[in-house]
Amino acid sequence: MILNNPYQQYQQNSIMTASPGELILLLYDGAIKFIKQAKVYIDEKDMQKANNAILKAEDIVAELMTDLDPDYDISHDLYSLYEFINDCLVRANIKKDKELLDQSLDLINDMRQTWAQVVKQYRQQEYAGI
């Protein structure tokens, strides 16, 4: 696939060179973006675009669920949280309910902030040679 747009090339390079932790952040960013888009589309009464945006957010949450390592106890808790978020997204899509989208968005934002701190600490330890 040839990318002529410099922004697309930058995005592709960012993804290809990202660490696993940074890829998780990109997934959170994508889910946040699509939920926000869905809210705008609901306001604009464009239910097809809202549906598509929510489905993309659901796909990202599904990807986050499959990326969990079951060998860690926290993975089971995260899986349950992702299931809850996915359920909110499904119900939001059926009802075109912005409150359910807000609930999902708040949770994903919190998880993204936490994960960003983990990535930051890892980088600091990595650069310090720990």
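The values are calculated or read from the model by the stated rules, or taken from the named source; none is laboratory data. This one's a predicted model, so the numbers in the text were calculated from it and none came from an experiment. Cβ atoms come from the backbone with ideal geometry, glycine included; neighbour counts cover every protein chain shown.
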Within segment 36-92, residues being touching a helix residue (DSSP H, G or I) at 6+ places or on another chain (Cβ under 9 Å), acidic (Asp, Glu) and more than 17 Å from LEU107 (Cα to Cα) number 5
Pairs, please: C-beta under 6 Å, at least 6 apart or cross-chain, first residue over 13 Å from ASP97 (Cα atoms) and in segment 28-54, second assigned to a helix (DSSP H, G or I) and charged (D, E, K, R)?
TYR28/ARG112; PHE34/LYS56
Looking at the structure I just gave you, is ILE94 loosely packed, with under 15 Cβ neighbours inside 10 Å, modelled with pLDDT of 95 or more and of a type in the set (A, V, I, L, M)?
yes
